[in-house]
Number of protein chains: 2
Amino acid sequence: MSVQTDSAKIPEPALRRLPWYLSYVKLLKSQGETIVSSTQIAKKIDVSASQIAKDLSYVDVNGKTRVGYDIDDLISVLETFLGFTQTHRAVLFGVGSLGAALLSDSGLEQYGLKIIAGFDVKSSIVNQKVHNIPVFHTNEFFEKNEKIKAEIGVLTVPPGYAQDVSDFMIRGGIKGIWNFTPFRVRVPEGVVLQNTSLYAHLAVMFNRLRP
Amino acid sequence: MSVQTDSAKIPEPALRRLPWYLSYVKLLKSQGETIVSSTQIAKKIDVSASQIAKDLSYVDVNGKTRVGYDIDDLISVLETFLGFTQTHRAVLFGVGSLGAALLSDSGLEQYGLKIIAGFDVKSSIVNQKVHNIPVFHTNEFFEKNEKIKAEIGVLTVPPGYAQDVSDFMIRGGIKGIWNFTPFRVRVPEGVVLQNTSLYAHLAVMFNRLRP
């Protein structure tokens, strides 16, 4: 498979849609289906069949005209393409309420993210384990990460520390920041940044629910 | 304040940016600042000063030309506008790994979301408490929600159940679905849907990190 080559080209919106297709196709498989067409996926998901076919053209899967995709093939190729079958080593900074919650979510590991260690500055939590994951003092990060070799850093510190901690993680070897804080951190070119703004989603929900 | 009237008009992208401004302005306050201009915010956040001024025109706060916004005023107005100062009652369906993690995140309550109860079908967890929040059998939802009166439903069930459980919640009185599953649920008109796709964010991160 030429995953490496193709993956460089796929636009982010297409990439973000692929997990939806994967999820639906896995549901079909559980219902005993073996073949699926983009038209069939389109009926269940608010994306046109031609867009789905285009999105799937970025991954190395061959649909047969007027027949569709083999479901087992499609699942396997999508899971590999999306990186869910590999293990990506991560650390987490800020073992507060949300940070500890994420450490306890074993679902992340099923999707390829393995958080090896947490880092914090609170003496009450440093050198403890949270859901079996060790928490170290932030000062130890550079040294620890020589062994851990994590490339991904989950950022769950208070917003006022977000930029400093992000910079610090990058100096320690982190190449991708998963930012859960509402603070817009900036990262140098070449570092990957993904923002998951739980509170922004809440704000939209609250606003739209108002009479 | 004419929050109700204005809020109907604010576009979602603007609404999603407001928490970033709030977060930055709170940081400035903690540093002893009392006045902030949109130019100053723009320098820290990848949004132009004119866009910031436009976004803030949807909320009822008066900036002074060539001076800026009073920071205390801006924080207070934004927190109110975003709904973070009110309590919004919610239930959560699917007390698995991610569901339990969200029940344990007290940060949500600080931002206005109070999860009153969890619902699940697993006998091992029904009638237990998770992080002090009671978990009931899904069958009890209609009856329980007459008392709970939750309007928001957090969806953390396995993807294959997402659509059915979403429909069920809506029949029980839920007006807003916060979907954490990778499944694209559909909701009738008038019901608010927010998708938080943790795994889509992971997929983008993994893909962009590839050499």
Notebook entry, point to check: In whole Hz, what ³J(HN,Hα) sequence does the stretch A:69-84 give by Karplus (6.51, -1.76, 1.60; θ = phi - 60°), x for Gly and Pro?
Noted result: 9, 5, 5, 4, 4, 4, 4, 4, 5, 5, 4, 5, 4, 7, x, 6
Check: About the Cα centre of the stretch A:1-159, what is the dipole size in debye to 20, counting +1 per Lys and Arg Cβ and -1 per Asp and Glu Cβ, all else neutral?
Finding: 220
Item checked: For the stretch A:156-166, Karplus couplings with θ = phi - 60° (6.51, -1.76, 1.60), whole Hz, Gly/Pro x -> 10, 7, x, x, x, 9, 4, 5, 4, 5, 4
Note to self: Just to be sure I follow the definition: excluding the sites themselves, where is the longest run in chain B that has none of the GluC sites (Glu not before Pro) in a DSSP loop with at most 15 other Cβ atoms within 10 Å?
What the structure shows: B:34-188
Next item on the list: Calculate the dipole size of the stretch A:7-82 relative to its Cα centre from +1 charges on Lys and Arg beta carbons and -1 charges on Asp and Glu beta carbons; express the result in debye to the nearest 20.
Entry: 240
Next item on the list: Provide a whole-number value for the mean count of partner chain Cβ atoms within 10 Å of the Cβ atoms in peptide A:100-106.
Entry: 6
Next item on the list: Report, ordered by chain and residue number, the lysines lying within cross-link reach of residue A:44, taken as a straight Cα distance under 18 Å and ignoring same-chain residues fewer than 8 apart.
Entry: A:26, A:29, A:54
Check: Once amide H atoms are placed 1.01 Å from N in the peptide plane, what residues at a sequence separation of 5 or more from residue B:136, or on another chain, have their amide H within under 5 Å of its amide H?
Finding: B:118, B:119, B:120, B:127
Notebook entry, point to check: Debye sum, Cα scatterers, the stretch B:86-160, no solvent: what log₁₀ I/I(0) at q = 0.20, 0.23, 0.26 1/Å?
Noted result: -0.79, -1.04, -1.31
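Using a simple charge model, +1 on the beta-carbon of Lys and Arg, -1 on the beta-carbon of Asp and Glu, nothing else, what dipole does the stretch A:73-211 show about its Cα centre, in debye to the nearest 20?
On the way: 13 positive and 12 negative charges, 65 e Å.
Rounded to the nearest 20 debye, it is 320 debye.
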Next item on the list: Point me to the residue of chain A whose C-beta lies closest to the A-onto-B rotation axis, rounding the distance to whole angstrom.
Entry: A:101, 2
Notebook entry, point to check: Between residue B:211 and the same site in the other copies, what are the distances in nm, shortest first, taking label points 7 Å from Cα along the C-beta direction?
Noted result: 6.1
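Determine the share of the stretch B:47-159's accessible area contributed by carbon and sulfur atoms, expressed in whole percent, with a 1.4 angstrom probe.
On the way: 2490 of 5360 Å².
Reported share for carbon and sulfur atoms: 46 percent.
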Check: How many percent of Cα pairs in the stretch B:20-82 exceed 16 Å?
Finding: 35
Item checked: Karplus (6.51, -1.76, 1.60) ³J(HN,Hα), θ = phi - 60°, over the stretch A:45-53, in Hz, Gly and Pro reported as x -> 10, 6, 9, 6, 4, 5, 5, 4, 4
Check: Using only helices, what value at 222 nm comes out for chain A when you add -39,500 (n - 2.57) per DSSP H run of length 4 or more and divide by the total residues, to the nearest 500 deg cm²/dmol?
Finding: -12500 deg cm²/dmol
Check: Gaussian network model of chain A, Cα springs within a sub-10 Å range: biggest mean-square fluctuation belongs to which of A:94, A:190, A:160?
Finding: A:190
Next item on the list: Return the percentage of antiparallel bridges among DSSP beta bridges fully within the protein assembly as shown, rounded to the nearest 5 %.
Entry: 20
Note to self: Going 7 Å from Cα along the Cα-Cβ axis for the label, what nanometre distances separate residue B:43 from the same residue across the other copies?
What the structure shows: 5.8
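Using the alpha carbon gyration tensor of the protein assembly as shown, what are the three equivalent-ellipsoid semi-axes (square root of 5 times each eigenvalue), largest first, in whole Å? Working shown, then result.
Values: eigenvalues 215, 153, 116 Å².
With the √(5λ) rule applied to the protein assembly as shown, the semi-axes are 33, 28, 24 Å.
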Check: Among B:110, B:51, B:31, whose mean-square fluctuation peaks in a Gaussian network model of chain B (Cα, cutoff 10 Å)?
Finding: B:31
Next item on the list: Report, for residue B:143, each distance to the same residue's label point in the other copies, shortest first and in nm; define the point 7 Å along Cα→Cβ.
Entry: 5.9
Item checked: Choice from A:134, A:188, A:19 with maximal GNM fluctuation in chain A (Cα, 10 Å cutoff) -> A:188
Checklist line | Accessible area that becomes buried as A packs against B, both chains, 1.4 Å probe, Å², nearest 100 | finding: 6200
Notebook entry, point to check: Which whole number gives the average count of other chain Cβ atoms within 10 Å of the Cβ atoms across peptide A:122-131?
Noted result: 0
Checklist line | Shielding score for A:26-35, defined as the mean number of other chain Cβ atoms within 10 Å | finding: 2
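The values are calculated or read from the model by the stated rules, or taken from the named source; none is laboratory data. None of the values given here were measured: they were computed from a predicted structure. Glycine also receives a Cβ, built like all others from the backbone with ideal geometry; neighbour counts cover every protein chain displayed. Note: areas computed on protein heavy atoms with side chains; ligands, DNA, RNA excluded. Shrake-Rupley method; radii C 1.70, N 1.55, O 1.52, S 1.80 Å.
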